[in-house]
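Chemist: Below is the structure I would like to discuss, written out as C-alpha cells.
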Amino acid sequence: MIELCQRQGTVEAPQVLSSDQLQTQVRYQVSWS
Amino acid sequence: MTAGKRGYIGASFKSAVDFIHQRGLAGKVLADCSPETRKLVEKPPTLSWMDSAPLDELETLIARHSGRQACVDLGLEAARKLGGGIVQPVLKFAMSLFGQSPASLLANLDRFYPLVASGLHFQYEAATETAGTVTMTCDGPACLLPSSTSPAATSCT
C-alpha cells in the first residue's frame, strides 16, 4: 500500500466513445512511474 | 433506485456536500438546485443508496459556479475518502492477491466500484507495465463529460 501511494500517476482527459440515453462509454489513458 | 440505472452510496453524495461547503459554494448551489436535492444537501444520507440524479445535479451546479476543474477536484477528494474508508479493506485484499501495482487495482475496478456505486462498469487493457487504457461504461446519458479528448491531464499521487 505504501509503495503504491508513492507512485506518481497521470490520467489523460477522458475521451467519450459513445453516449445516448441508455449508455455512455468513456476511455481514460492512464500511466504511472 | 431503479434497476439498471446509476446510483451511489450516500457517502459519495456526502463528499459532494462537504466539498461545496469547503469551497464556499453552498449558497450558490442551494439557490439553484431543486427542492428535492436541497433537502438532501441539508440532511445528507451516509450509508443508504440513492439514485444518481441528485449527485449529477450537484456536479452540474459545481461546474457552473466553479468550473469543470472543481468537479475533477471533487472526484479526487471523494475517491481518496472512500478509498481510505469503506473500500480500503477490499483494496488491501486485492493487492495482497494480485500484487502491489496500480495495474492490479485498475484491472479489478469492477470489484471495487459496486461497494460505492452501481451502473458503472470498467475494463482495463494494459499497454505496458506502467500504462494502459480504462474503458468505463455507465448506464444512462453522459453527465459533464467532454465531447472530445483534450490535451489536459490530471496528475495524482
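Chemist: Tell me which residues, restricted to segment B:19-41, are closer than 19 Å to B:Asp73 by Cα and outside any helix (DSSP H, G or I).
Modeler: B:Arg23, B:Gly24, B:Leu25
Chemist: Another question about this same structure. Looking at B:Phe93, is it surrounded by 18 or more Cβ atoms within 10 Å (Cβ to Cβ) and closer than 30 Å to B:Tyr124 by Cα?
Modeler: no
Chemist: Further, regarding this structure: Could you say whether any residue in segment B:97-107 is under 28 Å from A:Gln23 (Cα atoms) and exposed (fewer than 15 other Cβ atoms within 10 Å of the Cβ)?
Modeler: Scanning segment B:97-107 turns up no residue that is under 28 Å from A:Gln23 (Cα atoms) and exposed (fewer than 15 other Cβ atoms within 10 Å of the Cβ).
Chemist: Assess whether B:Glu125 counts as being modelled with pLDDT of 90 or more, in contact with a Ser or Thr (Cβ under 6 Å, 6 or more places away or on another chain) and over 30 Å from B:Leu30 (Cβ atoms).
Modeler: Answer is yes for this residue.
Chemist: Here is a list of conditions, (1) within 14 Å of chain A (Cβ to nearest Cβ); (2) over 16 Å from the mean Cα position of the chain (by Cα); (3) not β-branched (Val, Ile, Thr), and B:Asp56 meets all of them except one; can you say which number that is?
Modeler: Unmet condition: (2).
Chemist: Go through B:Ala70, B:Ala103, B:Ala78, B:Ala63 for me and flag whichever is in contact (Cβ under 8 Å) with a residue 40 or more places away in the chain, in contact with a Ser or Thr (Cβ under 9 Å, 6 or more places away or on another chain) and within 22 Å of A:Ala13 (Cα to Cα).
Modeler: From the options B:Ala70, B:Ala103, B:Ala78, B:Ala63, the qualifying one is B:Ala78.
The values are calculated or read from the model by the stated rules, or taken from the named source; none is laboratory data. Source: prediction; values computed, not measured. Cβ atoms come from the backbone with ideal geometry, glycine included; neighbour counts cover every protein chain shown.
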